[in-house]
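Readers should treat all values here as calculations from the given coordinates under stated rules, not as data from a laboratory. Everything numeric in this text was worked out from a predicted model, so none of it was measured. A quick note on method: Cβ atoms are made from the backbone with ideal geometry, for glycine too, and the neighbour counts reach across all protein chains shown.
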């Protein structure tokens with residue numbers, strides 16, 4: 001028997017637009033640590049790295065602080 005092809009519907013992806021700007025400042029030692037880390041792990045896009053690190057920390061903290069019944 002021949003296999004039947006299944007149709008997959010393409011779901012439109014909603015593009016998120018970043019409109020809220022935040023500014024960070026680092027001292028010399030912090031910037032040196034960031035630069036060394038990015039060089040060691042071949043991170044070329046620091047903004048993406050910062051965004052992912054911040055959001056993952058927030059989500060982890062929210063998961064830890066969820067209310068429990070007991």
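Structure values in brief
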| quantity | calculated |
| --- | --- |
| Identified option (computed Cα Rg over 2.2 N^0.38 Å; candidates (i) 1.37; (ii) 0.98; (iii) 1.88) | (iii) |
| Inter-site label distance for residue 57 and residue 17 at 7 Å from Cα along Cβ, in nm | 2.9 nm |
